There are 2 protein chains.
Amino acid sequence: MKIYDRAGFPNPARIRIVLNIKNLEEQIEFGSVDRIGAEHKQPAFLAKNPFGVIPVLELDDGTFISECTAITEYLDNLDGKPVLTGITPREKALIHMMQKRAEAELIDPVGLYFHHATPGLGTTLQAYKSPDWSGRGDWGNQQRDRAVKGMAYFDTVLQERSFVAGSTFSMSDITVFAGLMFAEAAGITVPEDARSLRAWRARVAELPGVKQRSGQTFLPEDLKRLGF
Amino acid sequence: MKIYDRAGFPNPARIRIVLNIKNLEEQIEFGSVDRIGAEHKQPAFLAKNPFGVIPVLELDDGTFISECTAITEYLDNLDGKPVLTGITPREKALIHMMQKRAEAELIDPVGLYFHHATPGLGTTLQAYKSPDWSGRGDWGNQQRDRAVKGMAYFDTVLQERSFVAGSTFSMSDITVFAGLMFAEAAGITVPEDARSLRAWRARVAELPGVKQRSGQTFLPEDLKRLGF
């Protein structure tokens, strides 16, 4: 198997955590995609994923799998012990519900804010900014507000449960964790009063499989190219 | 089990098809949510789903499951024969990849076009329109273009396969099918040259479980309230 990604980017980080937890890293070959240089928008990469996003998993039979949920379902079910995606119908349902919410209410709006209301990855990669970009950045900033509301939602969830989808760690925890990493890199802070979310984050950061990835948002060379 | 939905709306239609295919309709109680009257944004419904979208599945133990993928995973796995969500890791991965694409590249942009670039469901429900709404409807119309590109993508996929995620019908076929129903209701036509997509659609419309739902986009009384 081969993963095409870029270390440090939010969605690649999700799958790197899955690989660590499932002890699969040694079975995987990694191909680095120059995300800032827009390599993922070139024909060679678009043949792997026509929508031009990373990460992509290439199976040994040549099948390409993209989208983090799909890649996680594959990797988690390989050994017949789906600890991240659930066993019972109820577990599967709660994990997929929270996975969708973690994307729609956190990691996606953070990405939209980053690309539309900040210089993001630069104009080569993101030529189109939302209509109000030159002025108030209205739509992009609404996405930031949505992400902050998403954090408040996950805080209420974590007041009642140990993990995002129940009493055990799942793929949806990884998505919220990566969402908070990305938010921080984009300049969106977790509200001070989101105490349960902050405590959960500190706990998750210490888990085996997650610990190796904690805090690694963007490679140093990529940060330099982004002007940090 | 109980489903809170509104017959004829796109996402409820997805789950109604799942229920038909899995022969579960008789085990389900239905609660109709007045979507146009914004009942799904009132406290009683928000207690079931804080993000105020339908459908929602209530389990017998009182657990609420929302998001179509999550509800489908639940219903499809109840009998231990997950014909819609896959058995092998590769099947699961391809189905989830195509499910995500069917949402992101078809049903979601159709919804954004409908709500932001047309009168949609009216100003009570959708007070905020995208910035250019009063003039060119720029962002909303880009979403229409994205949906049309999505149709072209699914057409190329269906040139090579019988169904969206492979050789058998899956949950991702239901999502594309509902996406095309919604597109039609919103005034977006499937391009004439998307022959494989059109042929697939005609075939899917005749499948047991789907046939009962074909063409039922919005209840007649809802269409009347929308001014049709």
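If I filter region A:14-24 for residues that are farther than 20 Å from residue A:80 by Cα and over 19 Å from the mean Cα position of the chain (by Cα), do I get at least one hit? The answer is no, given that none of the residues of region A:14-24 is farther than 20 Å from residue A:80 by Cα and over 19 Å from the mean Cα position of the chain (by Cα). For region A:51-73, the set of residues classified as within 8 Å of chain B (Cβ to nearest Cβ), closer than 19 Å to residue A:17 by Cα and more than 17 Å from the chain's Cα centre (by Cα) consists of A:59 only. For residue A:93, indicate whether it is surrounded by 24 or more Cβ atoms within 10 Å (Cβ to Cβ), touching a strand residue (DSSP E or B) at 6+ places or on another chain (Cβ under 8 Å) and under 19 Å from residue A:169 (Cβ atoms). So residue A:93 fits the description; yes.
No other residue among A:55, A:109, A:50 is modelled with pLDDT of 95 or more, crowded, with 23+ Cβ neighbours inside 10 Å and more than 28 Å from residue B:50 (Cα to Cα) apart from A:55. Per the listing A:2, A:22, the residue uniquely touching a residue at least 40 places away in the same chain (Cβ under 8 Å) and away from every other protein chain (no Cβ under 14 Å) is A:2.
In a residue-by-residue description of region A:72-84, the property of being buried (at least 21 other Cβ atoms within 10 Å of the Cβ), modelled with pLDDT of 95 or more, under 19 Å from residue A:181 (Cα atoms) and of a type in the set (Asp, Glu) applies to no position. Tell me, please, whether a residue that is closer than 18 Å to residue B:10 by Cβ, free of Cβ contacts under 8 Å to residues at least 60 places away in the same chain and of a type in the set (Phe, Trp, Tyr) can be found in region B:28-36. Yes: one or more hits. Close Cβ contacts (under 7 Å, 6 or more residues apart or on different chains) running from residues in region A:151-165 that are touching a residue at least 60 places away in the same chain (Cβ under 8 Å) to residues that are charged (D, E, K, R) comprise A:164/A:173. Looking only at residues in region A:166-213 that are among the hydroxyl-bearing types (Ser, Thr, Tyr) and either in contact (Cβ under 8 Å) with a residue 60 or more places away in the chain or surrounded by 15 or more Cβ atoms within 10 Å (Cβ to Cβ) (or both), the one that is farthest from residue A:118 (Cα to Cα) is A:168. Could you tell me whether residue B:174 is in contact with a Lys or Arg (Cβ under 8 Å, 6 or more places away or on another chain), in a loop (DSSP other than H, G, I, E, B) and closer than 23 Å to residue B:149 by Cβ? Considered against the rule, which asks whether it is in contact with a Lys or Arg (Cβ under 8 Å, 6 or more places away or on another chain), in a loop (DSSP other than H, G, I, E, B) and closer than 23 Å to residue B:149 by Cβ, residue B:174 comes out as no.
Is region A:29-46 home to any residue that is surrounded by fewer than 20 Cβ atoms within 10 Å (Cβ to Cβ) and within 12 Å of chain B (Cβ to nearest Cβ)? For region A:29-46, residues surrounded by fewer than 20 Cβ atoms within 10 Å (Cβ to Cβ) and within 12 Å of chain B (Cβ to nearest Cβ): present.
Here residue A:102 fulfils each of the conditions (1) at pLDDT 80 or above; (2) within 8 Å of another protein chain (Cβ to nearest Cβ) apart from (2).
Across region A:112-145, what is the total count of residues that are modelled with pLDDT of 90 or more and surrounded by fewer than 18 Cβ atoms within 10 Å (Cβ to Cβ)? Number of matching residues: 1. Among the residues of region A:58-90, those that are touching a strand residue (DSSP E or B) at 6+ places or on another chain (Cβ under 7 Å) and more than 11 Å from residue B:89 (Cβ to Cβ) comprise A:58, A:64, A:66.
The values are calculated or read from the model by the stated rules, or taken from the named source; none is laboratory data. Bear in mind that the values here come from a model prediction, so they are computed numbers and not experimental data. Because the Cβ atoms are built from the backbone with ideal geometry, glycine has one as well, and the counts that use them run over all protein chains shown.
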